[in-house]
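Asks: This structure is in structure tokens; I'll ask about it shortly.
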Protein chains: 2
Amino acid sequence: MNSPLILSVDAMGGDAAPEIVVEGAAGFLKGRRRPVRLLLHGDAERIEPLLDKHPEVRAASEVRHTAEEVDMTTRPSEAVRRARGSSMWNAVHAVKDGEAHVAVSAGNTGALMAISKVILRMKPGVHRPAIAASWPGPKGFTTVLDVGANVDCTPAQLVEFAVLGEAFHRALRDVKRPTVGLLNVGQEELKGDQVVRDADTLLREAELDMDYQGFVEGDDISLGTTDVVVTDGFTGNVALKTAEGTARLLGGWMKEAFTGSVLAKAGAFLLSLSSLRQLRERMDPGNVNGGVFLGLNGVVVKSHGGATGPSFATALRIALEMADSDFLTEIEQNLSRLSATEERMAEKKETA
Amino acid sequence: MNSPLILSVDAMGGDAAPEIVVEGAAGFLKGRRRPVRLLLHGDAERIEPLLDKHPEVRAASEVRHTAEEVDMTTRPSEAVRRARGSSMWNAVHAVKDGEAHVAVSAGNTGALMAISKVILRMKPGVHRPAIAASWPGPKGFTTVLDVGANVDCTPAQLVEFAVLGEAFHRALRDVKRPTVGLLNVGQEELKGDQVVRDADTLLREAELDMDYQGFVEGDDISLGTTDVVVTDGFTGNVALKTAEGTARLLGGWMKEAFTGSVLAKAGAFLLSLSSLRQLRERMDPGNVNGGVFLGLNGVVVKSHGGATGPSFATALRIALEMADSDFLTEIEQNLSRLSATEERMAEKKETA
């Protein structure tokens with residue numbers, strides 16, 4: 001592919017935008033060989049001075065001015081009415097218009113999801129989109145979804161998430177037949193609420209041609225026991241934030257340990273010549289920043305609202321990987337399998 | 001207090017019992033000055049040879065023989081009928097009989113909870129007991145509950161957990177007025193399911209004389225934003241296991257980083273002379289092993305089923321702290337406040 005991949009960026013989304021967006025873009029572009037173009041949607045008066053400091057970003061970007069922005073407190077229901085013409089709205093619309101391959105925003109999650117649903121629409125067969133996160137593990141990344149879009153989920157929705165997540169993982173991680181697990185608690189008989197148990201039954205009986213491995217627990221996410229872990233948005237969001245908090249705590253402890261005494265500093269210096277930097281990078285939750293909205297006619301990547309430059313760069317990297325993958329085709333194949341399954345299940349019910 | 005504190009131990013509970021139990025006891029007793037006695041319930045033929053290797057454990061222990069044990073696959077409903085006379089049953093019964101201050105088991109959680117409820121009974125005003133875990137943070141420990149006893153919870157039950165957890169934290173952590181948060185997800189309007197929102201309303205209106213601070217998120221657990229974090233058993237269990245998995249993954253990475261090259265090894269050697277060991281200990285999830293059952297007429301500590309000697313020692317340490325605290329008095333004071341509140345709320349409803 002010689003034509004550049006184009007990322008449509010909400011330059012005003014996030015607590016410290018547009019600064020972190022331009023900084024992130026600079027980090028993202030550094031050393032990149034393949035051509036990438038950025039559409040920066042937002043207030044030109046605030047973006048242009050930042051581009052003066054980062055000529056390499058200016059060279060790869062086109063600023064699309066708008067004075068409107070969605071603030072972090074806008075409710076999703078208001079967003080759709082009030083956000084037309086905002087930087088977030090325009091960033092997503094560029095994907096619908098075929099001007100960009102993927103949209104990225106660090107703005108308000110609820111508003112971004114509402115806007116994305118209105119502009120891009122859900123794929124046929126999808127009832128609610130999900131947000132997928134990529135979690136580091138010993139063998140690579142685990143895909144976890146939903147991590148926040150849907151607080152209450154039906155069993156059928158969890159099955160849809162499995163279908164979406166499996167296609168996402170295959171496209172992005174180049175795994176031919178990803179394994180899928182359903183998040184649950186471990187105790188016998190206490191196992192799961194009814195929704196999780198029903199979803200398990202559905203996944204077993206659905207003949208989805210998917211490598212469904214049954215229940216997994218919280219620690220399986222980091223262990224990478226299955227490639228994809230499916231859960232509702234409440235549990236997924238809590239698990240994701242808990243993991244981030246733990247990583248941050250341990251990172252802080254490591255820093256303390258390495259600055260405690262002269263000996264510790266000398267040790268840390270020797271380590272820094274080798275693998276300490278890599279370790280720090282691996283332990284930085286910012287390096288897994290970027291939830292991907294699945295189930296829409298187009299790809300939208302959500303960065304943390306509190307993103308820094310480096311973590312926004314990670315979100316841009318994820319967006320590029322998505323743009324460069326055959327994810328939308330994979331999703332379509334999976335969804336056609338799902339609808340065939342749903343018909344079969346409905347027939348079974350009728351004849352029963 | 002000069003009379004020894006007495007811990008009643010299910011010596012047969014856990015994947016690698018009774019070995020890890022005796023090893024754990026040895027680690028626990030090492031260097032301890034205050035007198036502690038252990039009642040070891042289980043198969044004397046298997047326990048005695050282990051005590052030969054650990055005379056210091058034998059000196060502090062009394063073996064209470066029983067050939068019966070509860071295996072890890074026993075369902076809670078079966079446990080109560082089939083577990084009478086088992087090591088787990090006897091360990092809990094010794095607390096009821098006033099022979100011990102607290103019971104400890106690494107056996108099947110569901111069975112242990114069912115047995116504990118039958119033998120010890122719930123405190124007046126408590127509808128369902130909860131399991132509390134202690135989570136390390138920058139300023140000390142955060143109490144999180146429920147972490148697995150109750151998969152589905154009503155708003156009123158979450159309020160009870162807040163009451164139990166607050167008393168637990170005050171007694172164990174010596175904090176006069178612990179702050180309490182309710183676990184939720186962050187997005188506006190997506191915020192929480194109805195149960196969490198209703199529990200929030202109850203906690204605000206209940207006039208419980210509790211420092212309730214509203215919603216917290218997953219990362220607040222490690223940050224120690226509030227002393228106590230309240231959630232249902234499904235979410236709490238997933239969060240706990242996710243945090244453990246993350247800590248284990250990062251610990252593994254640290255080990256890799258320290259053994260990668262000669263330089264790294266030299267660095268690690270210098271660090272090991274200072275603070276590395278302490279760091280490793282802090283990062284070891286085994287060091288937070290031990291969930292405490294709250295809401296019963298007596299204290300039961302649940303160790304992980306997969307506990308090793310050192311992590312079982314941690315569970316024993318937690319049990320000793322509980323035995324040595326005025327936790328049961330604190331709980332009673334809190335519960336009387338709760339029932340006064342419930343009466344007040346009921347009156348409000350009637351007059352409304």
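Asks: In the set A:VAL159, A:VAL144, A:VAL175, which member is within 18 Å of A:LYS241 (Cβ to Cβ) and either charged (D, E, K, R) or assigned by the TED database to the domain that holds A:ASP232 (or both)?
Replies: A:VAL144
Asks: I'd like to know if the range B:77-98 contains one or more residues that are in contact (Cβ under 8 Å) with a residue 40 or more places away in the chain and closer than 22 Å to B:ASP152 by Cα.
Replies: no
Asks: Please identify the pairs in which a residue from the range B:24-51 that is farther than 20 Å from B:THR308 by Cα has its Cβ atom under 6 Å from the Cβ atom of a residue that is assigned to a loop (DSSP other than H, G, I, E, B), counting only partners at least 6 apart or on another chain.
Replies: B:PRO35/B:PRO4; B:VAL36/B:PRO4; B:ARG37/B:PRO4
Asks: Further, regarding this structure: Go through the range B:207-225 residue by residue and tally those that are more than 9 Å from B:LEU182 (Cβ to Cβ), crowded, with 24+ Cβ neighbours inside 10 Å and more than 7 Å from every other protein chain (Cβ to nearest Cβ).
Replies: 0
Asks: Can you find a residue that is over 30 Å from A:MET254 (Cβ atoms), under 16 Å from the mean Cα position of the chain (by Cα) and touching a residue at least 60 places away in the same chain (Cβ under 8 Å) anywhere in the range B:170-178?
Replies: Checking the range B:170-178: at least one residue is over 30 Å from A:MET254 (Cβ atoms), under 16 Å from the mean Cα position of the chain (by Cα) and touching a residue at least 60 places away in the same chain (Cβ under 8 Å).
Asks: Can B:ALA114 be described as closer than 26 Å to A:ASP193 by Cβ, more than 11 Å from chain A (Cβ to nearest Cβ), out of contact with any strand residue (DSSP E or B) (no Cβ under 6 Å at 6 or more places or on another chain) and not in a loop (DSSP other than H, G, I, E, B)?
Replies: No.
Asks: For the range A:211-244, which residues satisfy the criterion of being outside any helix (DSSP H, G or I) and in contact (Cβ under 8 Å) with a residue 60 or more places away in the chain?
Replies: In the first step, residues of the range A:211-244 are kept if they are outside any helix (DSSP H, G or I); the result is A:211-217, A:224-232.
Within the range A:211-244, A:GLY224, A:THR226, A:ASP227, A:VAL228, A:VAL229, A:VAL230, A:THR231, A:ASP232 meet the criteria.
The rows are residues; the columns are (1) within 14 Å of chain A (Cβ to nearest Cβ); (2) closer than 22 Å to B:VAL95 by Cα.
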{"position": "B:ALA25", "(1), (2)": "no, yes"}
{"position": "B:LEU29", "(1), (2)": "no, yes"}
{"position": "B:ARG34", "(1), (2)": "no, yes"}
{"position": "B:ALA44", "(1), (2)": "no, yes"}
{"position": "B:LEU50", "(1), (2)": "no, no"}
{"position": "B:ARG58", "(1), (2)": "no, yes"}
{"position": "B:SER61", "(1), (2)": "no, yes"}
{"position": "B:ARG64", "(1), (2)": "no, yes"}
{"position": "B:VAL70", "(1), (2)": "yes, yes"}
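Asks: Looking at B:GLY186 and the list (1) more than 12 Å from every other protein chain (Cβ to nearest Cβ); (2) part of a loop (DSSP other than H, G, I, E, B), which single condition is not satisfied?
Replies: Going through the list (1) more than 12 Å from every other protein chain (Cβ to nearest Cβ); (2) part of a loop (DSSP other than H, G, I, E, B), B:GLY186 breaks only (1).
Asks: Here is a further query. For residues that are at pLDDT 80 or above and farther than 13 Å from B:LEU158 by Cβ, scanning just the range B:182-206, find the one that is most open to solvent (accessible area, probe 1.4 Å).
Replies: Of everything passing the filter in the range B:182-206, B:GLU205 is most open to solvent (accessible area, probe 1.4 Å).
Asks: Scan the range B:142-154 and tell me whether some residue there is without any contact (Cβ under 8 Å) to a residue 24 or more places away in the chain and on the phi < 0 side of the Ramachandran plot. I'd like the intermediate steps shown before the answer.
Replies: Kept after step one, since they are without any contact (Cβ under 8 Å) to a residue 24 or more places away in the chain, are these residues of the range B:142-154: none.
Within the range B:142-154, none of the residues are without any contact (Cβ under 8 Å) to a residue 24 or more places away in the chain and on the phi < 0 side of the Ramachandran plot.
Asks: Any idea which residue in the range B:138-167 is nearest to B:MET88 (Cα to Cα), counting only those that are in a strand (DSSP E or B), open to solvent by less than 10 Å² (accessible area, probe 1.4 Å) and not hydroxyl-bearing (Ser, Thr, Tyr)? Even if it seems obvious, please write down each step before you answer.
Replies: Kept after step one, since they are in a strand (DSSP E or B), are these residues of the range B:138-167: B:140-145.
Adding the requirement that they be open to solvent by less than 10 Å² (accessible area, probe 1.4 Å) leaves B:142-145.
Now drop any that are not not hydroxyl-bearing (Ser, Thr, Tyr), which leaves B:144-145.
On the way: B:VAL144: 25, B:LEU145: 23 Å.
By that ranking, first place goes to B:LEU145.
Asks: Also: Provide a single number: the residues in the range B:43-55 that are of a type outside the set (A, V, I, L, M, F, W, C) and within 26 Å of the chain's Cα centre (by Cα).
Replies: Total satisfying the criteria: 1.
Asks: Still on this structure: Could you list all residues from the range B:241-259 that are open to solvent by 30 Å² or more (accessible area, probe 1.4 Å) and not polar (S, T, N, Q)?
Replies: Answer for the range B:241-259, where residues must be open to solvent by 30 Å² or more (accessible area, probe 1.4 Å) and not polar (S, T, N, Q): B:LYS241, B:ARG248, B:GLY252, B:LYS255, B:GLU256.
Asks: How many residues are open to solvent by less than 30 Å² (accessible area, probe 1.4 Å), more than 14 Å from every other protein chain (Cβ to nearest Cβ) and within 12 Å of B:ASN297 (Cβ to Cβ) if we restrict to the range B:117-137?
Replies: Looking only at that region, the number is 4.
The values are calculated or read from the model by the stated rules, or taken from the named source; none is laboratory data. These numbers were taken from a predicted model, which means no experiment stands behind them. Here Cβ is always computed from backbone atoms with ideal geometry, including for glycine, and neighbour counts include all displayed protein chains. Just so you know, the surface numbers come from the protein's heavy atoms only, side chains and all, with ligands and any DNA or RNA stripped out. Shrake-Rupley method; radii C 1.70, N 1.55, O 1.52, S 1.80 Å.
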